[in-house]
Amino acid sequence: MESSESIARLCEVCSKLNKQRFTHPIYPCRDPLPCSTPPIEGAHAAFFPLGSIDEIKRRRFTCDFCKLVAEGLDKEPHLKGGCSVKESEEFCNFKLPRGVKARHPSMTHFHLPQLSVLFDPPAENRFTGPSLPWEVKAKARGPQSSHYIQVFQVKTRSCAEARGRTAASPQKEQEFLDTIGGRYVSTQVNVQLLRAWLHQCESEHGEACMPSSRLRVERNRETAFQPTFVIDVVQWCLVDTPSQCRYVALSYVWGTAPVFRHLLENTKDLRKVNSLHSFPIPATIRDAITLVRAIGERYLWVDSLCIIQNDLKMQQAEIVRMGSIYSKALFTIIAAAGDHANSGLPGVETGSREQVQKILKLADCELLTVIDIRNMSNGIDDTTWAERAWTFQERVLSSRVLVFSENQVYWSCRAASHSEERSLEQVRDIRRRHLPFPHRHATDSLSWERLQPSEYCSTYYDLLAGYRQRRLSYQTDMLNAFDGVSEILGALQDDTFHWGLPESIFSYAMTWSFTGPYSRNDVEVPVFDGNGSKQMISIPSWSWAAWSGVDPTRSPFLHAGDSTHVRPVVHFDIVDGNHQLVRIKDRPMRDHPGDFAPPLWKNERPHRLPLTQHSALRIGQLYFWTSLANLKAIRYWSDLGPGEVHYIPFPSPRDFLPDPNTMREIVHQDFIVVAARGPGVLMLLAIEWKDGVAYRVGMTDVKEVEWLRVETREWRLITLG
C-alpha cells in the first residue's frame, strides 16, 4: 500500500473541493427511515468538474488527487471526455447500536457518504433523443457512458479497523462514530475479522441465520441427513462425518484445471492422517483447509473429495441432498476469484493477493480508495463463479457465505453484509445505496417456512429462471445441479418433484417457456428402480431440463409459468421408476382470489379404459385425457439463427404482415390443453408425434371461446414423452 506521512499535494482545481465533506463524513438526521434526505441537510450532492482527461493526466505530477484519478483513467485508455466529482454520494444510512447514548435524542439515524469521481462523456456521445426505449438503454450501456473512475471513503479514526469489533461497546456517540468508515486492507486476509463476523452472526442474529433451524422440516424425518465424509482440517484427511457435525462448505469452480478426485481406488489412502499433503489437491481446496483451521473450525466439506466420484449410487444419493449439505453448513466459502480450482483464495497464502488500496492523507483525515468499484453495482455477477449452474444452488441454500474476490473478502448472511474495506459491524438497520456485495438474492425470498401456493409459484419461478441463466459444462447435469433447490422446496412444501417440476403446482410448472434460443438436448440420465437397477432414460420433452440453449456461451431465459393465475384442468398420471402409473396431485391455488366455472370444453366424458392396462409404459411419460385439435397456425422464429419457436393458433390479418426480424411459415399443428389461466384462457402445448407418443415442441395460449368454435377438436388419451 502506498503510504506517506506527508500531507497530500492538491492542485488549484482540487483544492477547491469541499473539505468539510471529507473531514466530517458522517451526518446526523432527524427524518424517519427510510430516508432520502441528502447527507448534508439542505444541500444536494454537488458535481464538481475536474476538467478534461488530458488536463487531469497532466496535473498528476503535481497533484496527488489527480494522480489517483489518472491511475483509474489509465485502465481505460479509450475514454474521451472529462471527469467530475460527486462530493456527497451516499453509501448508506444507519442507526446507532443499542447502548450508545446519542447527544441529541431527536436524531433518528446517520448518513455515511463517499466521494465519487465520474467519467463525463463528451457532448456528442450523450443521449439527446428522440430514441426508442431500447435504444436509450443501449446507449447507456456503451463504453463512453458515464461511470465510476475512482471512489473514496474516509478512513476510520479509531483503531477498531484492526479488530473488526471493539471489546466493549462505546458509550458515547462520537467514540462510536469514530469506528465507522473505511478500513485498511492488507495483502493477507484478516482472519480475526472473519472470525468476528461469524461470532457476531452466531451470537446476535438468532434463528434467521442458524443452519440448524432452517431445515425444521427434517424434524419429521426418521434420520436427519448429513454428508458421508468431511475433511478434518487438523489431521488433513477424510473422516466419516461425526454425529451433529459442525462443518464449513466450499463453493468453487472446477474449470479446466485438473481436479484431484476421491475414487473407490484411493478411498483408503485419503483417510490416513496427513494424506492430503501427499496428493495434488487444487490450490482453492488447500487454501480452504488452511482458512477453516485458522478460523478455529474443524471440518470442511468439498464435493470432489467428500463424494466418491466413481461410485454412482453414492454420487446420486448425495447430489439429491445438496440442499441439506449447503443449508446445514456453518457457512459456505465462495471462491469467486479466478476461473478454475487452482485459482486459490486470494489473501490466504502469502503473496496471493495484491495491494490495490491507495491512501490520500489530508490535513484532518485520510481518504482510502474503494477497492471493488465494479462491485458497487454488479456484485460478483460478472465472475466465472456466478456464471456456473452448480454454484447457483450452493449460494441459494447457504445461510452464511464468506466470499473471496480478487482483492478482499465479503461476508453475507440474512441479517448483515460486511467487507474488509468497510467498518460497519456495530451499526444496525443499515440501508445501503451502494452494496460492495449484493445482500439480497433470488434465494432470499425463501422464508424457510411453508409458502402459500401463489408465493410458492413465484419463488419457484425466481429460482428456476435464475438457475437457467447459468452455464453447464455437461447437459447431463441439468437436473442434478438443481436437485438441492428441489430438495429444500419439496421439504418445505411437503412436495415431490418430477423431472424438475413440483407436483403440487404441476400445471403451473408445465407452462414454462424460453425467451432465448433453445433446442431439444436429448439427454439421458440414470434412473434407479426399487431394486437398485439402473436405466438410462431420456429427459421427457415436457420438462424444462430437456431443452438447452443453442448458443453454448449463454443460456436461454426461462419463464416458469405464465402467471400465478394458472390452474389445473387436467388430471396427469406419470410413470415412476418402477414403471407404475402414479397420479400427480396438482393442487388448486386456494389462496388466490376468485372462483372459476367448470371448463366448457370438457363436455366429453373420458373413455373408461383403465390407464393401468396401457402397454409399454416408459419412465417419465405422462398419461392424461384432454382436448386435442389440429389447427392452422403461424409458426415463427428469429432469423438470426435457431431460436424460440412461437405459435399463433388463430392468426389475425395483422399476424401475416412481414417482419424483417422473424421467419414465418403457415403450419397445421396439433395442440392439446394442459392448463387454464385466469377467466377464459387455455394453455396449449404444441406437440409432434412419434410412434403414437406426443412430444412437446412449444407453448401458447388461446381464448376458451375460440377453442370451443373448433369443430374438429376431440377428446383423447395422450401419452406425452
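The values are calculated or read from the model by the stated rules, or taken from the named source; none is laboratory data. On a predicted model such as this, the values are computed, not experimentally measured, just so you know. Glycine gets a Cβ as well: all are built from the backbone with ideal geometry, and neighbour counts include every protein chain shown. Heads up: the accessible areas ignore ligands, DNA and RNA and are worked out on the full protein's heavy atoms, side chains in. Shrake-Rupley method; radii C 1.70, N 1.55, O 1.52, S 1.80 Å.
Output the residue which, of all residues in the stretch 686-710 that are open to solvent by 60 Å² or more (accessible area, probe 1.4 Å) and out of contact with any strand residue (DSSP E or B) (no Cβ under 9 Å at 6 or more places or on another chain), is nearest to Met510 (Cα to Cα).
Lys690
Can you spot a residue in the stretch 437-457 that is surrounded by 22 or more Cβ atoms within 10 Å (Cβ to Cβ) and modelled with pLDDT of 75 or more?
yes
Against the conditions (1) at pLDDT below 85; (2) within 18 Å of Val370 (Cβ to Cβ); (3) of a type outside the set (D, E, K, R), where does Gly182 fall short? Just the number, please.
(1)
Criterion first (of a type in the set (Ser, Thr, Tyr), modelled with pLDDT of 85 or more and either under 30 Å from Ala546 (Cβ atoms) or open to solvent by less than 10 Å² (accessible area, probe 1.4 Å) (or both)) does Ser412 satisfy it? If you could, list the steps in order and put the result at the bottom.
On the way: of a type in the set (Ser, Thr, Tyr): yes; modelled with pLDDT of 85 or more: yes; either under 30 Å from Ala546 (Cβ atoms) or open to solvent by less than 10 Å² (accessible area, probe 1.4 Å) (or both): yes.
Against the criterion (of a type in the set (Ser, Thr, Tyr), modelled with pLDDT of 85 or more and either under 30 Å from Ala546 (Cβ atoms) or open to solvent by less than 10 Å² (accessible area, probe 1.4 Å) (or both)), Ser412 qualifies.
Restricting attention to the stretch 671-685, report how many residues are touching a Phe, Trp or Tyr at 6+ places or on another chain (Cβ under 8 Å) and open to solvent by 30 Å² or more (accessible area, probe 1.4 Å).
The number of residues fulfilling the criteria is 1.
So Val100 fits all but one of (1) modelled with pLDDT of 75 or more; (2) surrounded by fewer than 20 Cβ atoms within 10 Å (Cβ to Cβ); (3) within 20 Å of Phe47 (Cβ to Cβ); (4) of a type in the set (Val, Ile, Thr); what number is the exception?
Among (1) modelled with pLDDT of 75 or more; (2) surrounded by fewer than 20 Cβ atoms within 10 Å (Cβ to Cβ); (3) within 20 Å of Phe47 (Cβ to Cβ); (4) of a type in the set (Val, Ile, Thr), the lone unmet condition for Val100 is (3).
Are any of the residues in the stretch 339-351 touching a Leu at 6+ places or on another chain (Cβ under 6 Å), of a type in the set (S, T, N, Q), at pLDDT below 95 and in a loop (DSSP other than H, G, I, E, B)?
No, the conditions are met nowhere in the stretch 339-351.
Do you know which residues across the stretch 268-289 are of a type in the set (Ser, Thr, Tyr) and surrounded by 14 or more Cβ atoms within 10 Å (Cβ to Cβ)? First the steps, then the outcome.
From the stretch 268-289, those of a type in the set (Ser, Thr, Tyr) are 275, 278, 284; that's our starting set.
Passing the criteria: Ser275, Thr284.
Test Gly82 against the stated conditions and say whether it is over 30 Å from Gln426 (Cα atoms), modelled with pLDDT of 80 or more and surrounded by fewer than 20 Cβ atoms within 10 Å (Cβ to Cβ). Quick ask: steps written out before the conclusion?
Working: over 30 Å from Gln426 (Cα atoms): yes; modelled with pLDDT of 80 or more: yes; surrounded by fewer than 20 Cβ atoms within 10 Å (Cβ to Cβ): yes.
So Gly82 passes the test.
Before we move on, is Thr391 at pLDDT 85 or above, within 28 Å of Thr350 (Cβ to Cβ), under 15 Å from the mean Cα position of the chain (by Cα) and open to solvent by 10 Å² or more (accessible area, probe 1.4 Å)?
Values: at pLDDT 85 or above: yes; within 28 Å of Thr350 (Cβ to Cβ): yes; under 15 Å from the mean Cα position of the chain (by Cα): yes; open to solvent by 10 Å² or more (accessible area, probe 1.4 Å): no.
Criteria not met by Thr391.
Return the pairs, sorted by first residue and then second, in which the second residue is part of a loop (DSSP other than H, G, I, E, B) and at pLDDT 75 or above, the first residue lies in the stretch 23-44 and is over 17 Å from Ser106 (Cβ atoms), the beta carbons are less than 7 Å apart, and the residues are 6+ apart or on different chains.
Thr23/Asp364; Thr23/Cys365
Collect the residues in the stretch 268-320 that are within 26 Å of Gly351 (Cα to Cα) and in a loop (DSSP other than H, G, I, E, B), keeping them in residue-number order.
If the condition is that a residue be within 26 Å of Gly351 (Cα to Cα) and in a loop (DSSP other than H, G, I, E, B), then Asn274, Ser278, Phe279, Pro280, Ile281, Pro282, Gly296, Glu297, Arg298, Val302 are the ones that fit.
Could you check Glu71 against (1) open to solvent by 10 Å² or more (accessible area, probe 1.4 Å); (2) modelled with pLDDT under 80; (3) not β-branched (Val, Ile, Thr) and say which number it fails?
All conditions are met except number (2).
Taking strands (runs of 3 or more DSSP E) that do not extend beyond the stretch 185-265, which have at least 2 residues that are modelled with pLDDT of 90 or more, open to solvent by 20 Å² or more (accessible area, probe 1.4 Å) and not basic (Lys, Arg)? Don't jump to the end; show me each part of the working.
On the way: elements: 229-232, 237-240, 247-251.
Strands (runs of 3 or more DSSP E) meeting the threshold: 237-240.
Determine whether the stretch 609-632 contains at least one residue that is exposed (fewer than 15 other Cβ atoms within 10 Å of the Cβ), at pLDDT 85 or above and in a loop (DSSP other than H, G, I, E, B).
Checked the stretch 609-632: at least one residue is exposed (fewer than 15 other Cβ atoms within 10 Å of the Cβ), at pLDDT 85 or above and in a loop (DSSP other than H, G, I, E, B).
Modelled with pLDDT under 90 and of a type in the set (Phe, Trp, Tyr): is that true of Phe279 in this structure? Show your work before the answer.
Details: modelled with pLDDT under 90: no; of a type in the set (Phe, Trp, Tyr): yes.
Against the criterion (modelled with pLDDT under 90 and of a type in the set (Phe, Trp, Tyr)), Phe279 does not qualify.
So, Leu263, is that one more than 29 Å from the chain's Cα centre (by Cα), within 27 Å of Ala337 (Cβ to Cβ) and among the aliphatic types (A, V, I, L, M) or not? Before you say what the answer is, go through the steps one by one.
Numbers: more than 29 Å from the chain's Cα centre (by Cα): yes; within 27 Å of Ala337 (Cβ to Cβ): no; among the aliphatic types (A, V, I, L, M): yes.
Here the answer is no, as Leu263 does not meet what is asked.
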